[in-house]
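Step one of this worksheet: look at the structure below.
The values are calculated or read from the model by the stated rules, or taken from the named source; none is laboratory data. For clarity, every value in this text was computed on a predicted model and none was experimentally measured. Positions of Cβ are generated from backbone atoms using ideal geometry, with glycine treated the same way; all protein chains shown enter the neighbour counts. These area figures cover heavy atoms from the full protein model, side chains too; ligands, DNA and RNA do not enter into them. Shrake-Rupley method; radii C 1.70, N 1.55, O 1.52, S 1.80 Å.
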Amino acid sequence: MQFTLSHSGQTGVQTTTVYPNQVTITDEISLQTVVQFDHVAGLFLNNTRSNTNFVKSDVLVMDIDNDHTENRDEWVTAEMLEELFDDYQFALATSRNHMLIKGTKVPRPKFHIYFPIESITDSQVYVA
């Protein structure tokens, strides 16, 4: 498995648009190193994230926040994801807010799941 993430070198800065550090993810160690920072799944002109600066991406990322229900028995777990996506290559990391109180919601499992894809250079195709 191999894909590229770009990180800012910072954590929790919601206004960040600059992601100058590109890392090729090849294993759990490289993934865990990058996900400790604010990161994006793409390369951008001048390392500045925007639709017009999109260069390419070779990974799709999805958030799993378990905010669809308050019933703990219906929350998605890492084990469920591993079973569900058994036939696919993917990487899984807990999000920054994993098992933390956020707003009025009780702590719950929160993940980011990364699916390597063939490199896409068209931002509209990528978004679709």
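In table form, for the structure just shown:
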quantity: Carbon and sulfur %, accessible surface of the chain computed with the full protein complex present, 1.4 Å; calculated: 49 percent
quantity: Estimated FRET transfer efficiency when R0 is 30 angstrom, pair K105-V13 (beta carbons, to 0.05); calculated: 0.85
quantity: Cα gyration tensor shape for the range 1-58, rounded if a/c is under 1.5, else prolate or oblate; calculated: oblate
quantity: Alpha-carbon centroid distance for the pair the range 78-105 / the range 25-47, whole angstrom; calculated: 17 Å
quantity: Helical contribution to [θ] at 222 nm, DSSP H n ≥ 4, -39,500 (n - 2.57), averaged over the chain, rounded to 500; calculated: -4000 deg cm²/dmol
quantity: Relative contact order (percent, whole number), the chain, Cα cutoff 8 Å, 6+ residue spacing; calculated: 25 percent
quantity: Virtual spin-label span in nm between I29 and H68, 7 Å along Cα→Cβ; calculated: 3.6 nm
quantity: Pairwise label distance in nanometres, L45 with V125, each label 7 Å out on the Cα-Cβ vector; calculated: 1.9 nm
quantity: Size of the range 49-88 as Cα extents on the principal axes (Å, biggest first); calculated: 42, 27, 9
quantity: Amide N proximity, the range 102-128 versus T52 label position 7 Å along Cα-to-Cβ, cut-off under 16 Å; calculated: 123-124
